[in-house]
Protein chains: 2
Amino acid sequence: MDIVIVGSIALDDVKTPAGEVKNVLGGSAVYASLSASYYASPGIVGVVGRDFSGEHMRVLEAHGVVLDGLEKADGETFHWYGYYEKDMGTAFTRDTRLNVFASFAPNIPVAFRPAPFLFLANIHPELQLQVLDTMSGPEFILLDTMNLWIETKRQALLQVLKRVTMVVVNDAEARQLSGLDNLLQAARWIQGQGPRGVAVKKGEHGALICWEGEVGLLPAFPLDKVVDPTGAGDTFAGGLIGALAQKKQVNMDALKSAAVIGSIMASFTVEEFSIGRLAHLNEKEIRERYAHMRRLSEIKPLELDIIQGG
Amino acid sequence: MDIVIVGSIALDDVKTPAGEVKNVLGGSAVYASLSASYYASPGIVGVVGRDFSGEHMRVLEAHGVVLDGLEKADGETFHWYGYYEKDMGTAFTRDTRLNVFASFAPNIPVAFRPAPFLFLANIHPELQLQVLDTMSGPEFILLDTMNLWIETKRQALLQVLKRVTMVVVNDAEARQLSGLDNLLQAARWIQGQGPRGVAVKKGEHGALICWEGEVGLLPAFPLDKVVDPTGAGDTFAGGLIGALAQKKQVNMDALKSAAVIGSIMASFTVEEFSIGRLAHLNEKEIRERYAHMRRLSEIKPLELDIIQGG
């Protein structure tokens, strides 16, 4: 197993302009592990309730996701009730029932601890610190977080930042965390707290990647139609760390390539509800979207005279 | 002369978080023609008042901008009083004094009429139609417009759209014009009205380029610091049409390259007030930014195994 992923496993009720689903599989660890599974071997650490179906387990197992860190607790699985309005830019929460997730304490199986890659999906920063204390010392640690922890658990979050390799945040979170409007400045501020890298997700506008002193700018895969944006961010992070785990080296070229993989995987996720599309991809469609991304962002060498003095 | 540019020539008072200037040179035709002048030979059609200084004329002349279409009318030059707030994403207008621009009727010099490239900067669509009727039949016509005309002169604007080669709009205008939220759909809707190409400017998020059936996505040049965004859009359009006019061929690769030139020129414009930076560029700094844009958006071929069946 290459990657430990610690996060939520959820059942979701989601309504978007394209339709509505109830009780479907979701959660950061689910999206991230399925996405990563196309490139490396992930194991998840999380908790579900007695209502979590064997069918959901089998989907994850069929993708080679190692489930030894999946705790089954008395009670019901974390349930999110959300909806999106017309532009689907923002997820609105109608209700969140934490259920068994309320008392979640990550219990990392001994066999998971030497894993070289770790993705700390969005959970309480204190729990993220516990995970860091338990692991043997991963080579690459990717961190996600959210506005709630930036607001209410800033000190703990800054402690986590000191100990991770790379952070993945959306543009609003980057601005909120740094207090800076300019995204490049915000990313550099975050790097100043410890991480060598930052990926700022800008939704339909793609991603800004910073690695040490270098910068990369990547478009999002252009889609005509989005059915459900739920899980896009976690799918991005999972694809990114999955690609890096296979590559086993991190530099700007590898990171950009991994972030393109993340974007493509997210582009599949949003085309159906839940994991409807993400769980059923083939090599050809992934390679086609990667090639399409290369083509549409390729800039040819400058073949123009510049009239001196203007 | 390769490019006729029809638009405003203005004196601006601008206040931004970085400072404040009064009575500085501005206007769409000024930014666009200076930007284009590094790549081709532009001539401008516009009107100024008696207060327009000889010094401003000399700046334009020094860049080879042909001024035979610059009318000097009785009265004062168009004056814009604007400001930007913290994130500088939106220009706010404190006052607009149209002055001599209120009765502007583009008078295209006979020598300008056979020019192969035409940029219709943002003016009343009825005036844009008059320009189209007067020109001999340019090979490539680039159109800009604004929310005001989309709202109040929609029918005339749709007539213009039928007759131009390419449209440059910002994301809000593309959505407003098409009634569609998805930018790719919005761009395709605009293409459906006549133009072969559309460039949607997304500010700090770069540009979406559509040319016939193809799509390109380009980042904006990443800047740590913006002094004054005024003129960025016109500088982009001027660089784009300037590069195309030199290249003398239009296809997706040439367009993307030209749009990168446009972005770079805009990145210089916003680093100082007015044309403080745009009027004083050298070949080396342009080539450096172009190379930087290529580097940061380059995506290497996919060198990963995709685990079949996920």
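The values are calculated or read from the model by the stated rules, or taken from the named source; none is laboratory data. Because the structure is a prediction, the values reported are computed rather than measured. Cβ placement follows ideal geometry from the backbone for every residue including glycine, while neighbour counts extend to all protein chains displayed.
A few remarks follow.
- Count - residues of the stretch A:58-75 that are more than 14 Å from chain B (Cβ to nearest Cβ), part of a loop (DSSP other than H, G, I, E, B) and within 14 Å of A:Ile5 (Cα to Cα): 0
- Yes/no for A:Asp51 being touching a Ser or Thr at 6+ places or on another chain (Cβ under 6 Å) and surrounded by fewer than 20 Cβ atoms within 10 Å (Cβ to Cβ): yes
- With respect to the conditions (1) more than 22 Å from A:Gly238 (Cβ to Cβ); (2) modelled with pLDDT under 95, A:Asp171 lacks only one, and its number is (1).
- Checking A:Thr90 against (1) within 14 Å of another protein chain (Cβ to nearest Cβ); (2) touching a residue at least 40 places away in the same chain (Cβ under 8 Å), the condition it does not meet: (2)
- Residue in the stretch B:143-196 that is farthest from the other protein chains (Cβ to nearest Cβ), counting only those that are hydroxyl-bearing (Ser, Thr, Tyr) and not in a helix (DSSP H, G or I): B:Thr145
- Filter result for B:Ala199 (under 22 Å from B:Gln176 (Cα atoms), crowded, with 22+ Cβ neighbours inside 10 Å, away from chain A (no Cβ under 12 Å) and aliphatic (A, V, I, L, M)): yes
- Considering residues of the stretch A:38-57 that are of a type outside the set (Phe, Trp, Tyr) and within 14 Å of chain B (Cβ to nearest Cβ) only, the residue nearest to A:Tyr290 (Cα to Cα): A:Ala40
- Taken over the stretch A:276-285, residues that are more than 7 Å from every other protein chain (Cβ to nearest Cβ) and out of contact with any Leu (no Cβ under 8 Å at 6 or more places or on another chain) amount to 6.
- Failed condition for B:Phe273, given (1) at the interface with chain A (Cβ under 10 Å from one of its Cβ atoms); (2) at pLDDT 95 or above: (1)
- Filter pass, B:Ser41 being buried (at least 24 other Cβ atoms within 10 Å of the Cβ) and polar (S, T, N, Q): no
- Among the residues of the stretch B:286-300, the one identified as loosely packed, with under 13 Cβ neighbours inside 10 Å and within 7 Å of chain A (Cβ to nearest Cβ) is B:Lys300.
- Selection status of A:Gly238, more than 9 Å from chain B (Cβ to nearest Cβ), outside any loop (DSSP other than H, G, I, E, B), within 22 Å of the chain's Cα centre (by Cα) and over 30 Å from B:Ile286 (Cβ atoms): yes
- Test for B:Ala115: is it under 20 Å from the mean Cα position of the chain (by Cα), surrounded by 13 or more Cβ atoms within 10 Å (Cβ to Cβ), within 14 Å of another protein chain (Cβ to nearest Cβ) and not in a strand (DSSP E or B): no
- Residues being facing another protein chain (nearest Cβ under 10 Å), of a type in the set (Lys, Arg), assigned to a helix (DSSP H, G or I) and closer than 18 Å to B:Asp224 by Cβ are entirely absent from the stretch A:244-263.
- Qualifying positions in the stretch A:197-214 - of a type in the set (D, E, K, R) and in a strand (DSSP E or B): A:Lys201, A:Glu214
- Restricting the stretch A:10-38 to residues that are β-branched (Val, Ile, Thr) and part of a strand (DSSP E or B), the residue that is surrounded by the most Cβ atoms within 10 Å (Cβ to Cβ) is A:Val14.
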